[in-house]
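To start, the structure under review is shown below, and the notes come after it.
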Amino acid sequence: LQLGESGGGLVQAEDSLRLSCTITGHTDGSDVMAWFRQPPGKEREYVAAISWGSGSPYYTNAVKGRFTISRDNAKNTMYLQMNRLKPEDTAIYYCAAGRWGYIDKLDSYNYWGQGTQVTVSS
């Protein structure tokens, strides 16, 4: 299984971006996918997750109401629509795939993309 992110860039505060994560290869039973981010000088942190089967979304409090996670099973692609971006959203964004469990924990995911940079200027 391979994951590849795209869609990052440099934007201004209150702008929007949509990240994509394409999935190739055998899913190996992975049933949950997620977005994590790593701000400069900080640890990687959970952003949102989605059940690949039901499409049920889950969010960390910091992005609720601004970010929307979704997936297109036919295209094997997951998305993160990010609206009303803030400078504190600046980070490298990673997509991940894993088995259902503690969806906000790094250890729940065994497949990771290479990351895409999102920079939000004030």
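Only one of Tyr109, Tyr46, Tyr59, Tyr94 is open to solvent by 20 Å² or more (accessible area, probe 1.4 Å), hydroxyl-bearing (Ser, Thr, Tyr) and more than 18 Å from Leu17 (Cβ to Cβ); which?
Tyr46
Among the conditions (1) touching a Lys or Arg at 6+ places or on another chain (Cβ under 8 Å); (2) of a type outside the set (S, T, N, Q); (3) under 16 Å from Gly113 (Cβ atoms), the only one that Ala13 does not satisfy is (3).
When the stretch 62-86 is examined, which residues are found to be open to solvent by less than 50 Å² (accessible area, probe 1.4 Å) and polar (S, T, N, Q)?
If the condition is that a residue be open to solvent by less than 50 Å² (accessible area, probe 1.4 Å) and polar (S, T, N, Q), then Ser70, Thr77 are the ones that fit.
Within the option set Asp15, Asp28, being among the acidic types (Asp, Glu) and on the phi > 0 side of the Ramachandran plot holds for one residue only, Asp28. Against the criterion of being farther than 20 Å from Tyr111 by Cβ, surrounded by 19 or more Cβ atoms within 10 Å (Cβ to Cβ), aromatic (Phe, Trp, Tyr) and modelled with pLDDT of 95 or more, Phe36 does not qualify. Among the residues of the stretch 2-29, those identified as in a loop (DSSP other than H, G, I, E, B) and open to solvent by less than 50 Å² (accessible area, probe 1.4 Å) are Gly7, Gly8, Ala13, Gly29. Residues in the stretch 32-41: is at least one without any contact (Cβ under 8 Å) to a residue 40 or more places away in the chain and in contact with a helix residue (DSSP H, G or I) (Cβ under 9 Å, 6 or more places away or on another chain)? No, because not a single residue in the stretch 32-41 is without any contact (Cβ under 8 Å) to a residue 40 or more places away in the chain and in contact with a helix residue (DSSP H, G or I) (Cβ under 9 Å, 6 or more places away or on another chain). Looking across the stretch 39-67, just one residue is polar (S, T, N, Q), touching a Phe, Trp or Tyr at 6+ places or on another chain (Cβ under 8 Å) and modelled with pLDDT of 95 or more, and that is Thr60. In this structure, Gln2 does satisfy being in contact (Cβ under 8 Å) with a residue 60 or more places away in the chain and either of a type in the set (A, V, I, L, M, F, W, C) or closer than 18 Å to Gln114 by Cβ (or both).
The values are calculated or read from the model by the stated rules, or taken from the named source; none is laboratory data. Remember, it's a predicted structure, so these values are computed and weren't measured experimentally. FYI the Cβ positions are ideal-geometry reconstructions off the backbone, even for glycines, and counts take in every protein chain you see. Side chains are part of the model used for accessible areas, which takes the heavy atoms of the whole protein and leaves out ligands, DNA and RNA. Shrake-Rupley method; radii C 1.70, N 1.55, O 1.52, S 1.80 Å.
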